[in-house]
Amino acid sequence: MRKRVLPFALAGMIGFVIDAGMLLLVAPLLGPFGGRILSFTVAVLSTWLINRNFAFADKAARNGKGQEFLRYFAAMLPGAAVNWVVYGLVVALLADTNIGLVLAVAAGSLAGMTTNLVAADRLAFRARR
């Protein structure tokens, strides 16, 4: 699993930029929590695409990519729960400002990353048969 940490972290950094950027775009319309649902979903789709082609390329599905994405999304939910708790705490502490939202996404992302790495490795990406 060690060989997967760096590419997974890089995918996570790209996912963070997508998550935070999307949140800043939609939060004025949907609020900090409604906006986060949309930004998180887009970030998960992005990190799945990156991870299946780099961190887990040897285990990515050749067929059944839709099922693999659904497994990946489901596998990200425990990490998302950790992420959302931390995100909510930081938003409550720093207020609903652009920098506060970006810092909240960063704190939540870091908090959920280890859970997400293990879940992706064990649940989402299965060895090719």
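The values are calculated or read from the model by the stated rules, or taken from the named source; none is laboratory data. Remember, predicted model here, so these are calculated numbers, not experimental data. Neighbour counts run over all protein chains shown; Cβ positions are idealised from the backbone, glycine included.
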| request: Considering only the stretch 91-103, state which residues are farther than 14 Å from M22 by Cβ and in contact with a Leu (Cβ under 8 Å, 6 or more places away or on another chain). | output: V91, L94, G100, L103
| Extreme residue, nearest to Y72 (Cα to Cα), among residues of the stretch 1-54 that are surrounded by 16 or more Cβ atoms within 10 Å (Cβ to Cβ), basic (K, R) and at pLDDT below 95 | R4
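Quick grid of which residues meet (1) part of a helix (DSSP H, G or I); (2) without any contact (Cβ under 8 Å) to a residue 40 or more places away in the chain; (3) closer than 17 Å to V5 by Cβ:
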| site | (1), (2), (3) |
| --- | --- |
| G34 | yes, yes, no |
| F40 | yes, no, no |
| A43 | yes, yes, no |
| S46 | yes, yes, no |
| R52 | yes, no, yes |
| D58 | no, no, yes |
| A61 | no, no, no |
| G66 | yes, yes, no |
| note | Considering the stretch 91-110, residues that are aliphatic (A, V, I, L, M) and either surrounded by 20 or more Cβ atoms within 10 Å (Cβ to Cβ) or not in a helix (DSSP H, G or I) (or both), and then whichever is farthest from the chain's Cα centre (by Cα), we arrive at A95
| said: Quick check on this structure: which one of A111, A119, A124 is touching a Pro at 6+ places or on another chain (Cβ under 8 Å) and closer than 21 Å to A55 by Cα? | reply: A119
